[in-house]
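Written below as structure tokens is the structure these notes are about.
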Amino acid sequence: MRPPYLLLDIDGVLIPFPDAAGSAPATHARHDVVPTGRSADNPVTVWLDPDHGPMLMDVIHTGLVTPIWCTSWRQDAATLIGPLLGLPPLPHVDLPRPQITTSHPNGYLWKRDYVDAWLADAPAVWIDDDFSGLDHAWAAGRTAMGTPTLLVQPDPRHGLQPEHLTEVTTWVSQLPRARVA
Ligand SMILES: [Mg+2]
């Protein structure tokens, strides 16, 4: 079996949602970035945990997964967010910009149909804070059909924790490996 994709969300995963008092976790550092399409005098403030870079690199260096951004930051993930964490430029799923007012317009995560088409029959572990029950059912269905699929869902107020990546590496390690010719 080829290495599964590791699909990585940003908002609610690497950038936690502020708590009720409007604060980010003390572990996170403030950065101002200018997303594509915004003017330089109108930056967006983001909060990032500098430990996340090395944590993710430890997983990437295992060679057991193929990392790819899957976020509404789209190409800005690789050019703006990744470098702030010391990550190499990773490819991204080219998500569209649907006119939606909820992240679950059909009861499941809006990204999922695009991810499903993009993955085809590739195994995947997907880290996102916003899965619904239907997304978990989708993952279970893929797995049952022989395409191992794991959803990892951080709490968006705390974001990615070390145990989430332990879950990823533990899951990947027990998958059947590609036979080396
Ligand atoms: Mg998110």
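The numbers here are math on the coordinates, done by the rules we state, and not lab data. Keep in mind the model is a prediction, meaning the values are calculated, not measured. A quick note on method: Cβ atoms are made from the backbone with ideal geometry, for glycine too, and the neighbour counts reach across all protein chains shown.
Quick one: what does P(r) look like for the chain with 5 Å bins over all Cα pairs, in whole %?
Final binned percentages: 1, 7, 16, 21, 21, 16, 10, 4, 2, 1, 0, 0.
Working from the pairwise distances between different alpha carbons, so that the mean of 1/r is found and then inverted, what is the stretch 65-117's Kirkwood radius in Å?
The Cα-based Kirkwood calculation yields 12.2 Å.
Quick one: Cα centre-to-centre distance for the stretch 120-181 and the stretch 1-32, in angstrom?
Spelled out, the Cα-based centre of one part sits 17 Å from the other.
Calculate, for Ala29 and Thr166, the FRET efficiency according to 1/(1 + (r/R0)^6) with r their C-beta to C-beta distance and R0 30 Å; round to the nearest 0.05.
0.80
Per residue of the stretch 127-134, what does 6.51 cos²θ - 1.76 cosθ + 1.60 with θ = phi - 60° give for ³J(HN,Hα)? Whole Hz please, x for Gly and Pro, Karplus curve as stated.
9, 8, 8, 10, 6, 9, x, 5
Can you give the three extents of the C-alpha atoms in the stretch 1-63 along their principal axes, from longest to shortest, in whole Å?
46, 29, 18 Å, listed from the longest principal axis down.
Across the stretch 77-88, in residue order, what do the Karplus-derived ³J(HN,Hα) couplings come to in whole Hz, using 6.51 cos²θ - 1.76 cosθ + 1.60 with θ = phi - 60° and x for Gly and Pro?
Residue by residue, the stretch 77-88 yields 4, 6, 9, 10, 7, x, x, 5, 9, x, 8, x Hz.
Amide H to amide H under 5 Å from Val152: which residues, 5+ apart in sequence or cross-chain, H placed 1.01 Å off N in plane?
Counting only residues 5 or more places away or on other chains, the set is Trp126, Ile127, Asp128.
If you take every DSSP beta bridge whose two residues both sit in the chain, what share of them, in percent to the nearest 5, is antiparallel?
Given both bridge residues lie in the chain, the antiparallel proportion sits at roughly 25 percent.
³J(HN,Hα) across the stretch 49-57 via Karplus (A = 6.51, B = -1.76, C = 1.60, θ = phi - 60°), whole Hz, x for Gly/Pro?
8, x, 6, 5, x, x, 4, 6, 5
Using modelled backbone amide H atoms (1.01 Å from N, in-plane), which distant-in-sequence or interchain residues come within less than 5 Å of Thr66's amide H?
Placed amide hydrogens put Tyr5, Leu6 under 5 Å from Thr66.
Would you compute, from DSSP H runs of 4+ residues alone, the mean residue ellipticity of the chain at 222 nm, taking -39500 (n - 2.57) per run and dividing by the full residue count, rounded to the nearest 500?
About -7000 deg cm²/dmol.
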